[in-house]
């Protein structure tokens, strides 16, 4: 059951909202827990056992302290290590020693990376900082299964989750309206923009068979940059909107990332909760930038290696992490250089470099990565295959999606902020705007082709 499916939007969500809005406050937690478990059960029911395992493990360890902290964190990580990384590790060993080894190669549990890291953050905060905000096993299970952010984030803190659980004045008209608006944004981003761009990227990659022109390569690079942004930020918009409908303030995961003027700034705007997780639980515990230049770079590279592996157990993700680690290191080295700042610390330059860095994120085969990189700077601007695709496959919706992507780069966030502020002050216009956005998003449910959310595989 996906956020963009008719069963979710027209059956599950309205039913849950009826129960949570109109039942007595004392039943709220129980109804939300049952609804969240049901949501995951429909999508990937067997793997609920992992969530219950982690919840019970943490609850008992916090209560009775029968294991060391390192052992507990390792036990929390074990399902993730087995389902996501064992195959990669075993395959690598098989290549090194030229032997045949088998391991799990089946379906990856939905959201396993997200709820595992959320669990680790909760456990560490509880044990190291004495912040045990979840008083019962049922609250721990609800914290891990909370359906708006269960599958693809954002990663939430237990302290914020608990405070939202305790809200008395939960369902405010302005927050419900804002939640509806964010859901509408998310549906438009995913169904109308990301899905049309996904189709374009898939079609353009067919040119691998006949040769990639420079134009095809740049179309692939730019289209995927916009696609992954609209896809993931669209999911997070829906998650934030669903949270608002239920009285929860989920953290923002995106802040106009393509407005960044450097790679370091990009990572303060893109997948913000994941960046904060690795900063708080990996980079700073390693020493951060407190122990000299060499150790600072060591900590940076370890953090980005783990970030790349978090996204996927494959060499292409490691390459993606290496690229970002390299650019961040170069930025630190030349941070005081006026020439470097003039040439590279610019919005368009950063966006182009970020877009190129997405290539190994999209393609797992190194030969495909090499072909695209070579074609980006080739002298073959266009060929017959590219021309045929442009004539037959570029449609109005694709063009709109491209324009929206370009606007996300060139229009400043201040301009967008002023527009939203003006809409907030015009109540009638704002209401019309809200339901118009939602209507357009719902139209996308019926006209869009099916493409799963990119981050579902993580």
Leading residue by the ranking (nearest to the chain's Cα centre (by Cα)) among those in the range 441-458 that are more than 13 Å from residue 234 (Cβ to Cβ) and surrounded by fewer than 15 Cβ atoms within 10 Å (Cβ to Cβ): 457
Residue within the range 316-326 that is outside the structural domain of residue 152 (by TED's automatic domain parsing), over 26 Å from residue 213 (Cα atoms) and in a loop (DSSP other than H, G, I, E, B) present: no
Of the criteria (1) at pLDDT 90 or above; (2) crowded, with 21+ Cβ neighbours inside 10 Å, which one residue 113 fails: (1)
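Could you name every one of the helices (runs of 4 or more DSSP H) located completely within the range 136-242 that has at least 1 residues being at pLDDT below 90, out of contact with any strand residue (DSSP E or B) (no Cβ under 6 Å at 6 or more places or on another chain) and closer than 14 Å to residue 454 by Cβ? Break it down into steps so the answer makes sense when it comes.
Working: elements: 137-145, 147-150, 158-165, 173-187, 195-204.
Passing ranges, in order: 195-204.
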Residue match in the range 282-295 (condition: outside the structural domain of residue 25 (by TED's automatic domain parsing), within 29 Å of residue 231 (Cβ to Cβ) and either assigned to a helix (DSSP H, G or I) or modelled with pLDDT of 85 or more (or both)): yes
Number of positions in the range 61-78 that are in a helix (DSSP H, G or I), surrounded by fewer than 16 Cβ atoms within 10 Å (Cβ to Cβ) and at pLDDT below 90: 4
Unmet criterion (only one of (1) crowded, with 18+ Cβ neighbours inside 10 Å; (2) at pLDDT 90 or above) for residue 310: (2)
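The values are calculated or read from the model by the stated rules, or taken from the named source; none is laboratory data. These numbers come from a predicted model, not from an experiment. Ideal geometry is used to build each Cβ from the backbone, glycine not excepted, and the neighbour counts take in all protein chains shown.
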